[in-house]
Amino acid sequence: MIDLSKVPTPCYVCEEELLERNLKILDRVQKESGAKVLLALKGFAMWSTFDLVGKYLYGVSASGLHEAMLGRETMNREVHTYSPAFREDEIEHIAKISDHLIFNSPQQIRRFLAKAKNANPKISCGIRINPEVSSAPVDLYDPCGTYSRLGTTLSNFDIQILPDLEGMHFHALCEQNVDALENVLMAFEKNFGPYIEKMRWINFGGGHHITRSDYNVDRLIEVITEFKERHKEISVYLEPGEAVGWQTGPLVASVLDIVNNGIEIAILDVSAEAHMPDTLAMPYRAEVRGAAKAGEKPYTYRLAGNTCLAGDIMGDYSFDKPLRIGDKVVFEDQIHYTMVKSTTFNGVKHPSIAIWTKKRDLKIVREFGYEDFKRRLS
Ligand SMILES: *Cc1c(COP(=O)(O)O)cnc(C)c1O
């Protein structure tokens with residue numbers, strides 16, 4: 001447990017021990033199923049931890065040039081790059097630093113495959129297909145929703161590209177358990193069955209909530225093992241993002257002021273909009289350490305951000321004791337999908353990024369200031 005008295009706020013604190021716990025679960029999946037697990041950088045790109053991550057995982061899944069560069073520079077294991085649409089002026093650079101290249105459409109393959117192979121003769125190319133099984137809980141996070149641009153549907157699949165392909169990729173889940181994967185896999189094998197045997201690898205994408213306490217890891221291992229028995233000689237990849245950073249640490253804030261306008265409102269030194277954007281976009285209510293729903297404990301406050309956006313509000317929470325200026329407020333599980341999405345909106349100070357090490361030290365790996373705000377603008 002982090003010693004909060006050592007944490008200057010605002011600060012994201014990743015707990016090394018909790019991260020390693022997740023990595024060990026993912027490594028068990030690798031060892032017992034034979035699948036290879038990649039970190040999807042979209043959800044967790046705290047590269048100061050990548051020496052540790054790279055000890056367990058097989059590499060990274062990147063969504064374009066910059067994530068591919070980051071994966072190559074900071075982990076230097078396998079780099080698998082997919083983009084909804086590659087650009088002509090980036091494809092060679094991407095190909096040079098990637099091991100797998102995954103195209104979104106037959107048209108992109110026709111335009112860029114030769115160029116990519118010229119740049120890197122060893123590159124293994126595949127296509128993302130859309131299995132057309134929609135089960136993700138929210139439209140914003142449903143890769144297979146109506147009119148989705150992500151992946152090629154069976155009716156748009158062009159068998160003329162088959163000789164160019166070594167792999168197929170699907171990504172259809174979001175925070176889901178293995179039963180959802182089983183449904184997607186059934187549709188994938190039914191629709192694309194004849195093509196699977198021609199492939200060297202199949203990438204099952206992300207959205208597998210493998211490290212959540214109620215995830216059925218044993219069943220996942222069975223599902224992959226059975227798939228590999230049905231399709232011999234085919235490698236299976238998984239590329240979770242959230243499951244790597246899941247519950248690995250909080251965003252620690254302080255109370256800057258308390259005002260009353262019909263209710264008590266605590267203004268914090270963090271912003272929901274700028275520093276925990278999924279709480280507004282998804283939306284979901286972040287857990288606050290020691291707090292409960294409004295009215296459950298004696299002292300209820302609206303927790304609110306320090307930007308001038310009216311809706312910059314985390315929610316209403318109740319506490320055992322009154323909050324005071326300077327008190328720390330700890331938002332749980334704010335490591336994944338936060339620092340990868342955060343902004344310098346309104347010029348508010350971006351939280352520092354720190355690691356709570358296994359030796360119980362706080363290592364601040366990055367602090368932000370005025371220059372970070374200025375340099376994003378012109
Ligand atoms: C977002 C994404 C992932 C990771 O998803 P999680 O929900 O974070 O596990 C993996 N692959 C692709 C193609 C993605 O877009």
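Here are the numbers for this structure:
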read-out: Stretchable slack from Leu162 to Asp27, in nm (0.36 nm times residue separation minus alpha-carbon distance); value: 45.4 nm
read-out: Flagged links, alpha-carbon separation over 27 Å, of Lys24/Lys293; Lys31/Lys358; Lys31/Lys198; Lys96/Lys190; value: Lys24/Lys293; Lys96/Lys190
read-out: Translational D in µm²/s for the stretch 16-245 (Stokes-Einstein at 25 °C, 0.890 mPa s, Kirkwood Rh from C-alpha pairs); value: 140 µm²/s
read-out: Nearest-10 value in Å² for the accessible area of Thr74, using the 1.4 Å probe; value: 30 Å²
read-out: Virtual spin-label span in nm between Glu226 and Gln107, 7 Å along Cα→Cβ; value: 3.8 nm
read-out: Cross-link reach list, lysines versus Lys349, counting only Cα pairs under 27 Å and skipping chain neighbours closer than eight places; value: Lys6, Lys42, Lys328, Lys341, Lys363, Lys374
read-out: Cα gyration tensor shape for the stretch 111-243, rounded if a/c is under 1.5, else prolate or oblate; value: prolate
read-out: Distant-in-sequence amide H partners of Val365 (H built 1.01 Å from N, under 5 Å); value: Ile353, Ala354, Ile355
read-out: Gain on full stretching of the segment that runs from Ser148 to Lys115 - 0.36 nm per residue minus C-alpha separation; value: 9.2 nm
read-out: Gain on full stretching of the segment that runs from Arg285 to Glu88 - 0.36 nm per residue minus C-alpha separation; value: 66.8 nm
read-out: Accessible-area value, Asp361, 1.4 Å probe, nucleic acids and ligands omitted, Å²; value: 80 Å²
read-out: Unit charges on C-beta of K, R, D, E only; dipole of the chain, Debye; value: 760 debye
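The values are calculated or read from the model by the stated rules, or taken from the named source; none is laboratory data. These numbers were taken from a predicted model, which means no experiment stands behind them. Quick reminder, even Gly has a Cβ in these numbers, built from the backbone with ideal geometry, and neighbours come from all protein chains shown. Protein only, heavy atoms only, side chains kept; ligands, DNA and RNA dropped before computing areas. Shrake-Rupley method; radii C 1.70, N 1.55, O 1.52, S 1.80 Å.
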